[in-house]
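Below is one structure, written out as structure tokens, with a few remarks after it.
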Amino acid sequence: MLTALKNKLVQNGTHGGPDFDHSEHHQIDCGFAHIDILQPGSLIDNADPKRYPRFVDLSDFDANAVESGQQRRTGHRHVTVEAALWQYRQPRWFKHQHDPFTLVTAIWTVEKLKAPLAGADTSALSHYLQSDYQQYFEAQGGHNWQLRQKALAFCATRQYQSEPARVDAYYQSILDGSADPGHLAQVEEEYGDYIDSCVEADRVHLPQQFEQVQFAGEEWVRFSWSHHGVRPDNLYYCRPLGNQYQLVVDFSLNRMLPDCDQYWLDRAKEDFEKVITGTRVKTLALPR
């Protein structure tokens, strides 16, 4: 009872979040579509009007795009068009003020899809995102696939554990297809549980839910990214721009204090929805 009361008091006293009273309007011209962003006041100094582009030439996208170095965006090429930063802080009546509970970075990007959508709608985009994550991490060559092959190679050469070169050589034989299938099957049968535990310890946990949601008449796909599958590290809102591009809004959570999600996370999610409500796409013509 006392714990619940304390949590409620801290939740009510938590302050910070987007500064909606000092929002700024930005428009990005993407040719066949315009992106309107009502960006809340930010801790980032966006005074330089050239900081982010106000025109994205989709016909020459790769000339200005960069490939994401973050696993969670699976190598998509993108152009960043806007960003904002805010924080959620402890109640002012806390005797000792420390770091904020968390810093939130909101980043708006235009991403080029790896393959055209079957249709320029959230249903097709949801299917694309789910398939892309599965292919990027679980298919041959993916991060989780490699973890399993390395664990398999380790068990297959267990008698040579003091000779890492042998393990590496066996791993390479798995990659190039020269490993004995019969031996691999035998190792899987004998050490399957151990291999599973090794993979589970380091595997990337893929998003499980791709929700189709609507705010102010705009349809989005919403999902969360959690590397270890425990708590969200990023919350994403995506919507198609034609059938070859998507607009992505990434809310990245940088926790500064441990074990405090119960104080700020629900409020942050409500704020994210307000920010998304202020992000609109107006289609001017059919994409070429």
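Cα axis of helix 143-156 to longest principal axis of the chain: angle in degrees, 0 to 90, nearest 10?
For 143-156 against the chain, the angle is about 20 degrees.
Let me spell out the model: positive unit charges on the Cβ of Lys and Arg, negative unit charges on the Cβ of Asp and Glu, origin at the Cα centre of the range 61-190. What dipole size does that give, in debye rounded to 20?
Using only the charged Cβ atoms, the result is roughly 740 debye.
How many nm separate the modelled label positions at residue 188 and residue 254, each set 7 Å beyond the Cα in the direction of the Cβ?
Computed distance between label sites residue 188 and residue 254 equals 4.3 nm.
Please build a GNM for the chain, connecting alpha carbons under 10 Å apart, and tell me which residue among 224, 131, 123 fluctuates the most.
131
Which aspartates and glutamates, if any, have their Cα less than 16 Å from the Cα of residue 112, not counting same-chain residues under 8 positions apart?
Counting by Cα, and skipping residues close in sequence, residue 112 has these aspartates and glutamates nearby: 29, 57, 60, 62, 67, 121, 132, 250.
Among 159, 149, 135, which one moves the most in a GNM of the chain with springs linking Cα atoms closer than 10 Å?
Top of the fluctuation ranking is 159.
State to the nearest 20 debye the size of the charge dipole of the chain about its Cα centre, where the only charges are +1 on K and R beta carbons and -1 on D and E beta carbons.
800
With every atom except the alpha carbons ignored, what do you get for Rg and Dmax of the range 137-202, in angstroms?
11.1, 30
In a Debye calculation with equal point scatterers on the alpha-carbon sites of the chain and no solvent, what is log10 I(q)/I(0) at q = 0.15 Å⁻¹?
Those come out to -1.13, one per q.
If N is the number of residues in the range 194-288, what value comes out of its Cα radius of gyration divided by 2.2 N^0.38 Å?
1.34
Tell me the relative contact order for the chain as a rounded percent, counting alpha carbon contacts under 8 Å between residues six or more apart.
Relative contact order, the chain: 23 percent.
Counting helices only, and only those DSSP H runs with n ≥ 4, report the 222 nm mean residue ellipticity of the chain as the sum of -39,500 (n - 2.57) divided by its residues, in deg cm²/dmol to the nearest 500.
-11000 deg cm²/dmol
Which residue, 74, 277, 157, tops the fluctuation ranking in a GNM of the chain built on C-alpha contacts under 10 Å?
Fluctuation is largest for 157.
Can you give me the C-alpha center-to-center distance between the range 107-182 and the range 184-212, rounded to a whole angstrom?
Cα centroid to Cα centroid, the span is 11 Å.
The numbers here are math on the coordinates, done by the rules we state, and not lab data. Just so it is clear, the structure is predicted and the values come from calculations on it, not from any experiment. Note: ideal-geometry Cβ built from the backbone for every residue, glycine included; neighbour counts use all protein chains shown.
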